[in-house]
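Here the structure is laid out as structure tokens; the discussion comes afterwards.
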């Protein structure tokens with residue numbers, strides 16, 4: 001089963017949800033929505049069922065997110 005890394009960072013009022021392997025980005029209003037948003041986007045882009053893959057969630061603190069944007 002394929003596992004996708006998901007990076008979650010806070011930007012203002014939104015949580016940004018990035019899937020590097022697919023070069024895709026979505027957003028969520030609440031942190032609790034991040035996994036579902038990631039799973040829906042991955043399923044859409046890979047044309048697979050949302051339960052057919054694993055996700056590895058990484059929550060990146062705000063200070064680190066700013067440094068990564070550099």
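Values quoted throughout were computed directly from the atomic coordinates according to the rules given, and no laboratory measurement underlies them. All figures in this text were calculated on a predicted structure; none of them were measured in a lab. Here the Cβ is made from the backbone with ideal geometry for all residues, glycine too, and neighbour counts use every protein chain on show.
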Practice item. Sort out which residues of the range 6-46 are within 17 Å of residue 56 (Cβ to Cβ), assigned to a strand (DSSP E or B) and out of contact with any strand residue (DSSP E or B) (no Cβ under 6 Å at 6 or more places or on another chain), and write them in order of number. Key: 24
Practice item. State all residues of the range 25-58 that are touching a helix residue (DSSP H, G or I) at 6+ places or on another chain (Cβ under 8 Å), farther than 17 Å from residue 1 by Cα and surrounded by fewer than 17 Cβ atoms within 10 Å (Cβ to Cβ); if no residue qualifies, say none. Key: 27
